[in-house]
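Quick notes on the structure that follows.
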Amino acid sequence: MQRATYGRTPPLHHPVPQHVSTVPQLRSPPPPTSQPQGGYDGSPYPQQPPVGAQPGVHNMFGPYGNFINDPAAQLATQFGQTAFRQGQEYIEQNVRRQQAHVNRFVNVSALKHYFIVTNSYVINKLFLVLFPWRHKPWTRRQATGPSGQDAWYLPPRDDINSPDMYIPVMSLVTYIFLQALISGLKGQFQPELFGYIATIALVAVVVEILGLKLGCYLLSISNESQLLDLVAYSGYKFVGVIVTISVAEIVNGGKGTGGWIGWTVFIYTFLANSLFLMRSLKYVLLPENNNDSRGPMQTMHPLDSRAKRNQRTQFLFFYSYPVQLFFMWLLCRS
């Protein structure tokens, strides 16, 4: 059999466009040309330069670049400076007024004298308070003015025998925190404990100073800085109290300052503090009988009787031993 033959497939033809269109050739844009005098925004009016702008100088901030030169800005700046100056003067006046009120009760310039200390002075002073047995001399050093008549005591930084306020203040704060810490280790801490301990310590210091001032008044003892000296010396007892409490709590295992070890440390610190006060307060309560009136603490007239000097000696002994024994015991037991 023969396969049937079919006609050939006609060839394919692609469509030919009837309307020929040409695509325009793209070119680079022309270089920028200088702007006309009419302005960059097409305005027919010429653009005015900003106030204070120099011709030919380009401003990178545009129309806000000359804000400082604006009259309104200058006026606001002057107003701010005037307000700041007046506020500063008002604050300085209030500070001076407050200082005047404080100086009516406490001489601030004299108080600063007691805080002129160094690290070496603090270490040596603590050693002197705890071990005063072989220290000599106990007299305070004086500086003489150019005329040779005026004299004043050197600050604590330059004289180990000079009283200071730094050690008493820091000892008082340390005592408060130490008592609170011990109560916390025993599980008895309460926030009100800080106020209770501070009240006892401050009351002890105030009562002691009032008693000293009363004794000085009755014995006719007066000097320029007596009150501040007495406040400083009354605070040195906290050094011995802190040592007693710390050693007793460590040795006794947190059972308090009782026991023979606690009492031994207490007696030693009490005797050391008493001897320190006896030697140090001698220049206040028992001044030397001489005709040199240059010293600022010249409190006793050469013609004072021997009986008055004996009374002052007894008062110094009573303050240094029985009074210190009672207050140190009270602070250690509280």
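The values are calculated or read from the model by the stated rules, or taken from the named source; none is laboratory data. Treat the numbers as computed from the prediction; the structure is a model and nothing was measured. Cβ atoms come from the backbone with ideal geometry, glycine included; neighbour counts cover every protein chain shown. For the accessible areas, the whole protein counts, side chains as well, though only heavy atoms, and no ligand, DNA or RNA atoms are used. Shrake-Rupley method; radii C 1.70, N 1.55, O 1.52, S 1.80 Å.
For the subset of segment 243-253 comprising residues that are among the aliphatic types (A, V, I, L, M) and buried (at least 20 other Cβ atoms within 10 Å of the Cβ), which member is farthest from ILE160 (Cα to Cα)? Per the criteria, the residue is ALA248. Among all residues of segment 232-239, there is at least one that is outside any helix (DSSP H, G or I) and in contact (Cβ under 8 Å) with a residue 60 or more places away in the chain. Checked against the criterion of being in contact with a helix residue (DSSP H, G or I) (Cβ under 9 Å, 6 or more places away or on another chain) and under 30 Å from VAL284 (Cα atoms), the candidates ILE261, ILE221, ILE182, ILE245 yield just one match: ILE221.
Answer yes or no: is there a residue in segment 211-221 that is farther than 29 Å from PHE127 by Cβ, open to solvent by 20 Å² or more (accessible area, probe 1.4 Å), outside any helix (DSSP H, G or I) and among the basic types (Lys, Arg). Looking for residues that are farther than 29 Å from PHE127 by Cβ, open to solvent by 20 Å² or more (accessible area, probe 1.4 Å), outside any helix (DSSP H, G or I) and among the basic types (Lys, Arg), one finds none in segment 211-221, hence no.
Residues that are open to solvent by 100 Å² or more (accessible area, probe 1.4 Å), under 22 Å from ALA232 (Cα atoms) and at pLDDT 80 or above within segment 74-114 comprise just one, LYS112. Determine whether segment 162-173 contains at least one residue that is open to solvent by less than 90 Å² (accessible area, probe 1.4 Å), touching a helix residue (DSSP H, G or I) at 6+ places or on another chain (Cβ under 7 Å) and of a type in the set (S, T, N, Q). Within segment 162-173, one or more residues are open to solvent by less than 90 Å² (accessible area, probe 1.4 Å), touching a helix residue (DSSP H, G or I) at 6+ places or on another chain (Cβ under 7 Å) and of a type in the set (S, T, N, Q). Taking the criterion of being open to solvent by 70 Å² or more (accessible area, probe 1.4 Å) and in contact (Cβ under 8 Å) with a residue 24 or more places away in the chain, the residues of segment 175-201 that qualify are LEU185, LYS186. Taking the conditions exactly as written (in a loop (DSSP other than H, G, I, E, B), among the acidic types (Asp, Glu) and closer than 20 Å to TYR319 by Cα), does ASP229 satisfy them or not? Criteria not met by ASP229.
Picking from residues in segment 256-282 that are part of a helix (DSSP H, G or I), surrounded by 15 or more Cβ atoms within 10 Å (Cβ to Cβ) and among the hydroxyl-bearing types (Ser, Thr, Tyr), the one that is modelled with the lowest pLDDT is SER280. Against the numbered list (1) surrounded by fewer than 19 Cβ atoms within 10 Å (Cβ to Cβ); (2) at pLDDT 55 or above, LEU285 comes up short only at (1).
If you filter segment 115-153 down to residues that are touching a Leu at 6+ places or on another chain (Cβ under 9 Å) and either surrounded by 13 or more Cβ atoms within 10 Å (Cβ to Cβ) or in a loop (DSSP other than H, G, I, E, B) (or both), you find that the one that is modelled with the lowest pLDDT is GLN142. Considering only residues that are over 23 Å from TYR153 (Cα atoms) and surrounded by fewer than 20 Cβ atoms within 10 Å (Cβ to Cβ), which ones fall in segment 222-239? Passing the criteria: none in range. Would segment 297-320 turn up any residue that is at pLDDT below 60 and charged (D, E, K, R)? Yes: segment 297-320 contains one or more residues that are at pLDDT below 60 and charged (D, E, K, R).
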